[in-house]
Amino acid sequence: MTKTAINARPWPTRVRVSRVEPAREEPDGPRVRAWHAVVAASMAQDAPGTAPAAPGRFHADLNAGTTVVWAATRAGQVVGLAVLRLPSTTVTGRAQVHVHPAHRRRGIGGRLVAALTAEARARGLYGVIMAVPAGGTGDAFCLRRGLTRLRTLHHLLLSLRELHPGWLDEMVAVEHPGYRLTETARIAPPGRQDAVPGDVLLTVAAEHGRKVVGCTEVVVPRDSGPQATQHDRPPVDGHHLGLDLWVKAAMLRLLYDRYPQVTQVATDNLEHDAALLAVNRHLGFRLHHRITEYRLDIPGSPATN
Ligand SMILES: CC(C)(COP(=O)(O)OP(=O)(O)OC[C@H]1O[C@@H](n2cnc3c(N)ncnc32)[C@H](O)[C@@H]1OP(=O)(O)O)[C@@H](O)C(=O)NCCC(=O)NCCS
């Protein structure tokens, strides 16, 4: 919608919030593009320099795992989107809510949250985690609605092509007597929250005897996208000894060699995990923005009665 078109309509124009079915849409169809445009405008406003994945991947993400999606429309134009990800093994879901910057503070975000709260209650969830860019409108929105602030994460980015492979080789070559590195690559099965079926799940682990004592996993997008996502698991107690750096350097070396299309690696680290942040910084990861996670308790669920 153009600015002129928005301004031509006096407030309040009726807003509709309704369930939508991403699985029925073409990945680059007009509805998916309209949802994508709202999320892109919202992210650009609250976390400058960030953007949703390209429409095809964005569509695949909406269909990954079990999700319920709502769109808010005003005069036929999409102005907001909410996505509730249902858990497979816990009673806590995850959600994202975005309202186009030109349509904020008119109750649309509140209506999207009401829709996902009702759905979460009907599905027996105890709570929903919302991740918002720190210091943006989401903080004020969540605090005003009484959500519980849980923790802060650092979203870090690494430009892979700025690393010299020889430097990675040196770190991988450091001896760790009694430990060995192993690697596995498998295709993501349906049902994962953090990967789309068909993505490659690349794991590098440090093993002591038969026990995995340190591990890192990277999700390489199936569509040759340039950004991989790293998930860190802390080394098992008593097995630090620089294993983190060893395992991650080996992972970056693998990515460098086998997935040349990957030029950037993203990861989220807990703000208070100084050791992990230091290892990632040493490898060249840089802070892009901070994320605050809030918990929305679901009234009427067994946990809150
Ligand atoms: C957070 C977001 C969804 C709110 O959408 P919205 O349509 O403006 O929400 P509502 O109109 O229902 O509620 C707005 C309330 O949030 C708070 N709020 C939102 N933006 C604010 C700001 N810039 N300054 C202070 N308070 C703000 C206020 O309490 C406000 O109520 P008020 O206008 O009566 O003062 C929207 O700003 C957004 O898309 N942000 C970026 C993505 C994000 O952080 N999403 C997480 C949501 S959990």
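The values are calculated or read from the model by the stated rules, or taken from the named source; none is laboratory data. Note that the coordinates shown come from a computational prediction; the quantities given were computed from them, not determined experimentally. Heads up, the Cβs are rebuilt from the backbone with ideal geometry, glycines too, and the neighbour counts pull from every protein chain shown. The protein model used for the area step is the full one, side chains on, heavy atoms only, and it has no ligands, DNA or RNA in it. Shrake-Rupley method; radii C 1.70, N 1.55, O 1.52, S 1.80 Å.
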* Three semi-axes of the equivalent ellipsoid, the stretch 164-283, Cα gyration tensor, whole Å, largest first -> 23, 16, 15
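Per residue, how large is the accessible surface of the stretch 164-283? Use a 1.4 angstrom probe and give square angstrom.
50 Å²
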* Structure fact -> Taking 0.36 nm per residue of separation between H231 and R144 and subtracting their Cα-Cα distance, the length gained on full extension comes to 28.2 nm
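What is the chain's relative contact order, in percent, from Cα pairs under 8 angstrom and six or more apart in sequence?
So the answer I get is 20 percent.
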* Evaluate E = 1/(1 + (r/R0)^6) for A75 and H272, where r is the Cβ-Cβ distance and R0 equals 51 Å; express this FRET efficiency to the nearest 0.05. => 0.65
* **DSSP loop trypsin sites (Lys or Arg not before Pro) with at most 12 other Cβ within 10 Å excluded, longest remaining stretch of the chain** => 106-209
* Asked: Stokes-Einstein at 20 °C, 1.002 mPa s, Kirkwood radius from Cα pairs: D for the stretch 1-121 in µm² s⁻¹?
  -> 144 µm²/s
* So how strong a dipole does the chain carry about its Cα centre when Lys and Arg Cβ are +1 and Asp and Glu Cβ are -1, to the nearest 20 debye? -> 1640 debye
* In whole Å, how far is the Cα centre of the stretch 108-123 from that of the stretch 33-105? -> 14 Å
* Asked: Assigning unit charges at the beta carbon (Lys, Arg +1; Asp, Glu -1) and nothing else, what dipole magnitude in debye, to the nearest 20, does the stretch 164-283 show about its Cα centre?
  -> 320 debye
* Asked: Whose amide H sits under 5 Å from the amide H of V213, counting only residues 5 or more places off or on another chain, with H placed in the peptide plane?
  -> A206, E207, H208
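Given the DSSP H assignment, sum -39500 (n - 2.57) over each helix run of at least 4 residues in the chain and divide by its residue total; what's the result at 222 nm in deg cm²/dmol, nearest 500? Walk me through the numbers on the way to the answer.
Details: 8 runs with 90 residues, N = 305.
That comes out to -9000 deg cm²/dmol.
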* Structure fact -> Simple SL model, points at 7 angstrom along Cα→Cβ for D28 and R192; separation in nm is 2.6 nm
* Rounded to the nearest 0.05, what FRET efficiency do T184 and A54 give with R0 = 25 Å and r taken as the Cβ-Cβ distance? Could you check? => 0.35
* Structure fact -> P(r) of the chain over all Cα-Cα pairs, 10 Å bins starting at 0, rounded to whole percent, reads 6, 24, 32, 23, 12, 3, 1, 0
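Which whole-number percent is the relative contact order of the stretch 164-283 (Cα, under 8 Å, 6+ apart)?
Once divided by the residue count of the stretch 164-283, the mean separation gives 23 percent.
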* May I ask you to compute the full-extension gain from K211 to R286, defined as 0.36 nm times their residue separation minus their alpha-carbon distance, rounded to one decimal in nm? => 23.8 nm
